[in-house]
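What follows is one structure encoded as structure tokens, with my remarks underneath.
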Amino acid sequence: MTSPIRYLPGSSALVLDSPHSGTDYPADFAYACTLQALRSAEDTHVDKLYDFAPGLGVHWIEAMFPRSYLDANRDTTEIDVSLFDAPWPHAVATDPKILSKVRLGKGLIWRTTDDGVPLYDRKLSVVEVQARIVNCWQPYYAAVAEAIDAAHAQHGYSIHVNCHSMPAIASSCATDFPGEAHADFVIGNRDHTTCSTALAQLVRDHLTSLGYQVSLNHPYKGVELVRRFGAPEQDRHSIQIEVNRKLYMDEKTFGLNAGYAPLKAHLRTLVDVLRNTDPRQL
């Protein structure tokens, strides 16, 4: 793995990040399942869906490492201690709500795929996971923080969009709602705590006007990145947007389908709306 992240600073108040679209599988991963199984964890092609953004002055951050290696949308305390060959020497979350993903095998370091397939046939060492945090998690969060701080300093407010994709049907171990058919888009702001209700409604209304089915805070409310960086009372707004993969790709082959181009054009209109929106005026 060369650089663990790609960070393109912008000039607008809008920051986009894609923590789960990385496909650079490190040599030290040493997983036991198939690469096909691991690839199902990727937010495949999300980086391509938004690749126009830097040209519009939008700050852009993406993880180059895969989500299954280290999930950049988790806190470092969201650790499954059963994975290790020795005691984990750092803090571990105890809040049952925070640990819901850990229970599903989807903590900072994944235990299983979305379908419950184990990733490893070995115990992980504390040292190798500490290295993943230093080499991947820390630079990713530093870049997102830097971009949001720069946007806010220049404009007096910031809008941070955490970009994701989701399967058409929830897998058995992916969420608390296995088998649920997902909407076209799911917008999450942790029950209106990470961005204003008005901004979330603006995004929802725009996507609905384009003919999409849009859900708000179900089944994805937003996780660590929006939680950490969203502070609407300080004019720092963070919102998670999940797009249904069936709209733009074949979920089995990972190939793009005929819906990719029109979806990308619609996402550009959404980005244009957000670039030209001051949440203080909503």
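Tabulated results
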| read-out | value |
| --- | --- |
| Some residue of the range 103-110 being modelled with pLDDT of 95 or more and either open to solvent by 10 Å² or more (accessible area, probe 1.4 Å) or outside any loop (DSSP other than H, G, I, E, B) (or both) | yes |
| Wholly enclosed helices (runs of 4 or more DSSP H) of the range 191-282 bearing at least 1 residues more than 18 Å from the chain's Cα centre (by Cα) | 197-209, 260-275 |
| Residue identified as in contact (Cβ under 8 Å) with a residue 60 or more places away in the chain and under 19 Å from Arg74 (Cα atoms) among His160, His182 | His160 |
| Long-range neighbours under 6 Å by Cβ, at least six apart or interchain, first residue touching a residue at least 60 places away in the same chain (Cβ under 8 Å) and under 28 Å from Leu108 (Cα atoms) within the range 140-155, second open to solvent by 10 Å² or more (accessible area, probe 1.4 Å) and of a type outside the set (A, V, I, L, M, F, W, C) | Ala143/Tyr7 |
| The range 42-75, residues that are in a loop (DSSP other than H, G, I, E, B) and more than 15 Å from Lys106 (Cβ to Cβ) | Thr44, His45, Tyr50, Asp51, Phe52, Gly57, Val58, Met64, Phe65 |
| Selected residue [more than 19 Å from the chain's Cα centre (by Cα), within 23 Å of Glu146 (Cα to Cα), open to solvent by 30 Å² or more (accessible area, probe 1.4 Å) and among the polar types (S, T, N, Q)] from Thr34, Thr2 | Thr2 |
| Residue list for the range 4-59, filter: small (Gly, Ala, Ser) and at positive phi | Ala30, Gly57 |
| Scan of the range 194-215 for residues that are closer than 16 Å to Gly230 by Cα, surrounded by fewer than 17 Cβ atoms within 10 Å (Cβ to Cβ) and hydroxyl-bearing (Ser, Thr, Tyr), ordered by number | Thr197 |
| Pro118 vs. criteria touching a Ser or Thr at 6+ places or on another chain (Cβ under 8 Å) and open to solvent by 30 Å² or more (accessible area, probe 1.4 Å) | yes |
| Residues of the range 132-148 that turn out to be loosely packed, with under 15 Cβ neighbours inside 10 Å and either closer than 15 Å to His20 by Cβ or more than 21 Å from the chain's Cα centre (by Cα) (or both), as a count | 0 |
| Yes/no for Pro19 being surrounded by 17 or more Cβ atoms within 10 Å (Cβ to Cβ), touching a Gly at 6+ places or on another chain (Cβ under 7 Å) and modelled with pLDDT of 95 or more | no |
| Ala151 vs. criteria part of a helix (DSSP H, G or I) and open to solvent by 40 Å² or more (accessible area, probe 1.4 Å) | no |
| Filter result for Ala93 (surrounded by fewer than 19 Cβ atoms within 10 Å (Cβ to Cβ), touching a residue at least 40 places away in the same chain (Cβ under 8 Å) and out of contact with any Phe, Trp or Tyr (no Cβ under 6 Å at 6 or more places or on another chain)) | no |
| Boolean, Glu62 is in contact with a Gly (Cβ under 6 Å, 6 or more places away or on another chain) and under 30 Å from Leu274 (Cβ atoms) | no |
| Check on Ala168, crowded, with 21+ Cβ neighbours inside 10 Å and of a type in the set (Gly, Ala, Ser) | no |
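The values are calculated or read from the model by the stated rules, or taken from the named source; none is laboratory data. Keep in mind the model is a prediction, meaning the values are calculated, not measured. Glycine also receives a Cβ, built like all others from the backbone with ideal geometry; neighbour counts cover every protein chain displayed. Calculation scope for accessible area: heavy atoms of the full protein, side chains included, ligands and nucleic acids excluded. Shrake-Rupley method; radii C 1.70, N 1.55, O 1.52, S 1.80 Å.
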